[in-house]
Structure formats: structure tokens, C-alpha cells
Amino acid sequence: MSGGPGAGGRLRYLGKRLAYGVVVLWGAFTASFFLLYVLPGDAAGGLTAGAEGEDLEAILAEQRELLGLDRPVLVQYGDALWRALHGDFGISIFTRRPATELYFEAFGETIRLAAVGLALAVVLGVLLSVLIELIDWTWARELLLSLPPIAVSVPPFWVGIVLLQLFAFQLRLIPPTGNDSLPGLLVASLALAIPGAGGVSQLLTTNLRGALTSPYIETVRNWGLGRAGVVVRHALRNSILPVVTSFGTTVGVMIGGTVLTETVFSRTGVGRVIVDAVDGRDTPVVLVCVTVSAAIFVAVNFVVDAVYPLIDRRIELEA
């Protein structure tokens, strides 16, 4: 982004971003298909799990023929891609229901978990960054400064296990499984939010430090405005834009994190659907889950790119 060519250049830039988005969707679909193909085992093996006897190989061959798995892999891929382009990802091999139906049946719970996690990540990240700049004690500030990198580096599933152990088994404030409890939703969302909040705080703290050394901040201080007013009313507003830019990445982290979080907290949702589908090599279900999740990620990033110059009029998008 830079001083740029105006409305025409902005449209060309957004056109490029849209083309990149299409490439990302194709890449996600293709990588998922071939990763499932190279993994040991196939759906026919899942359907015949537990079967024994001399005719097992014949049964497997029959199942592969019925599922179309005996065709060359490129033919299978081309067929899946063509149907996906028409909005048809096929039928789940195990439930015999449309894969898209299975996905969107679980979608509501996942988007609720991700949305609450995203809101908590932004609120916690901004509050921590502001607190770091307002606190006077050096030791406390250094302690707070160490929290964001720790939050980013800790594996989300480990955070989830610790929170589940604390709130479900020690304090008994939430049920260990299920989607029905609001406190359970908040705790599961917190497991998602902690790594995201670390990323937001790292970026915002760096920007706040830069903004607080700017000449205009010195002018504001000379007006007699208090420290909190300088940070919140002036430095924070000018430091928040890069956080908006990273919003798309944070959404991706939230969506990706739901797979492990739903598994740890035994919540039903897209994450559980994906885990079960991968385990059973249910290719149609995996493909719809990955492609739609990638589409959400692409759409959010596209919207961020589109609205960014509207937030800051000094910025033009470069084609």
C-alpha cells in the first residue's frame, strides 16, 4: 500500500486480491484432496472395518468400485473439482447425506465459538497493550510485556486442556462436554482467544510505542492532557490500523483453532466433523469443510483490504 493511482488503481488492486482468493480456494481444495489420497487407507477400508475372511479383498475391491475409488486419481480429482464448481461436493460416504448439509448443520456452533473467541481476543489484546503503557511499576510492566509472546507460543490445545481441567474438573463451573452451557462456551472461546490476544497485543504494543514518541503526542502532552487520555484518545486511535489489517489473519487463527478446541471440549461443530471425516477418509465432507472455511478466510481478508483505505483516507491501494 502506498500513495497510489486513485479509484482505478484501487479497483485493479481489489481485482488482484479477488484473483488471489480464487487461487487460495483452489489450492485448499487441491491440497486437501491429494493429502487424503496419499494418507494410508481409504474410505472402503473404513466401511469394511472389522470384516474378516478370505473374501475381504474382494469386498474391498467391490466397495472401491462402488465409491469410484478404483478410477485414476486425476479422474477422481477432476470429477470432484467440477462438481464443487457447481456447488455439489457430493454425498458423505458414511452418512449418505449431502456433505454440504453436514457442514452447515455444524456451522452455527462453530461460528458462535469463533466469533466469541475473536471478540475476546481483540478486547484482551487491546486492554493488555493499554495497561502496559499506563502502568508505572517497571517490574509489572516487564511482566505484562512477557505475556503476549507466551500467549502466542503456547499451543492452543494445551491452553484448552488447562482451562478444561481448571473450570470443569477443579472448580466444576462448566460441564466437561457439550454445547449447551454459556459458561462452557466462554471458557472454550477463551482457549481460542488467548493466542489471538497475544498476537493483537504484540502488534498494538509496538505501534503504541512508536506513536507515543511521535511529535504530535508531545504536543498533546503540552496541552496538559493526562497519561491515560494521551494513550487512549490519541495514541491508541492511530495505532489500531495495523491491528485492523491483521484482522483477517486473526479470523483464520480462530477458524483453524476451532478444530482442536471443539475436540478438547467435546463440542459438536465443524471441527468435530472434520476430525471424524479425516479419520474415515470421507473425502466429500473434508473437501466441503476445508473449502468453505478457506472461503470465509478469503472473504474476511478481502473485506479488510476493501475497507482499509476508507478507515484511513491517507492510504491508497496499489494495483
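Structure above, values below:
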quantity: Relative contact order computed over the stretch 160-319 (Cα-Cα under 8 Å; 6+ residues apart), in percent; calculated: 23 percent
quantity: Neighbour net charge for VAL130 - beta-carbon separation under 13 angstrom, K R +1, D E -1; calculated: +4
quantity: Neighbour net charge for ARG64 - beta-carbon separation under 12 angstrom, K R +1, D E -1; calculated: -3
quantity: Estimated FRET transfer efficiency (LEU66, LEU35; beta-carbon r; R0 25 Å; 0.05); calculated: 0.60
quantity: The chain: angle of helix 7-38 to the longest principal axis, Cα-based, in degrees nearest 10; calculated: 40 degrees
quantity: Mean shadow area of the chain over all directions, Cα convex hull, nm²; calculated: 21.5 nm²
quantity: Contour minus Cα-Cα distance for LEU81 and ASP55 (0.36 nm per residue); calculated: 6.0 nm
quantity: Net charge, LEU208 excluded, C-beta distance under 14 Å - Lys, Arg +1, Asp, Glu -1; calculated: +4
quantity: Whole-number percent relative contact order across the chain, with pairs defined as alpha carbons under 8 Å at least 6 apart; calculated: 34 percent
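Throughout, read-outs are computed from the coordinates displayed, never taken from laboratory work. Please read all numbers here as calculations on a predicted model, not as lab measurements. Backbone-built Cβ (ideal geometry, glycine too); neighbour counts: all protein chains shown.
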